[in-house]
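The values are calculated or read from the model by the stated rules, or taken from the named source; none is laboratory data. What you see is a predicted model; the values in this text were computed from it and never measured. In this analysis, Cβ positions are derived from the backbone assuming ideal geometry, glycine residues included, and neighbour counts consider all displayed protein chains.
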Amino acid sequence: MELLKKNGLRLTPQRLELVRILEKLGPKHPSFSEVCDAMKRRHANVSRSTVLKNLNEMVELGLISSFSYGGETHYEMRPNLHVNLAYSNGTIVDVDDEEVRELMLRLMDLVSRRAGVKAKHILVMAY
Ligand SMILES: [Zn+2]
C-alpha cells in the first residue's frame, strides 16, 4: 500500500485489491487470467482491460514485475534479482540466494558493457 502512495497512484479499491491478490498469489507468479479471476471474485464488474491498465501502471512504476511465459503474461511482487524456474506442469518457483543474485549482477554488468547501455533489470527464466 505504501508503495502505491509513494508513487502517486490513487488508492482505488481495484488497485488495493490487486496488491492484495499479488501479495497472496505472487509467489506462484500468477498469469493475467489468474489475476483477473481473483479480481472478479471480489469486484465482479471490473473489466479485464481495467485490470490490465492497473497492472501495466504498477509495472511501469516498478512496483511489480511481469514476464511472458507459456503465451501469457505473469506477475510477481518480488523486486530482488532472482531466477524464475518453470516446471513442465506450469508451476513457476523462485530460485533466490546470494550466489544467484551475485551471478545475475555480474551478468547484468557484462550485458551492459557488451551492449554499451546500462541495463536496469535482468529477467532469467529457467525451464
Ligand atoms: Zn519470481
| said: Quick check on region 40-49. Is at least one of its residues without any contact (Cβ under 8 Å) to a residue 24 or more places away in the chain, surrounded by 16 or more Cβ atoms within 10 Å (Cβ to Cβ) and not assigned by TED's automatic domain parsing to the domain that holds D109? | reply: no
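Does F67 satisfy the criteria of being touching a strand residue (DSSP E or B) at 6+ places or on another chain (Cβ under 8 Å) and either of a type in the set (A, V, I, L, M) or over 20 Å from T12 (Cβ atoms) (or both)?
Criteria met by F67.
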| query | Which of the strands (runs of 3 or more DSSP E) contained wholly in region 70-126 include at least 2 residues that are without any contact (Cβ under 8 Å) to a residue 12 or more places away in the chain and either under 18 Å from L22 (Cα atoms) or of a type outside the set (A, V, I, L, M) (or both)? | reply | none
| Conditions (1) exposed (fewer than 15 other Cβ atoms within 10 Å of the Cβ); (2) farther than 18 Å from M125 by Cα; (3) within 15 Å of the ligand (Cβ to nearest atom): number failed by E34 | (1)
| query | Which of the residues that make up region 78-98 are more than 9 Å from the ligand (Cβ to nearest atom) and surrounded by fewer than 16 Cβ atoms within 10 Å (Cβ to Cβ)? | reply | P79, N80, Y87, S88, N89, G90, T91, D97, E98
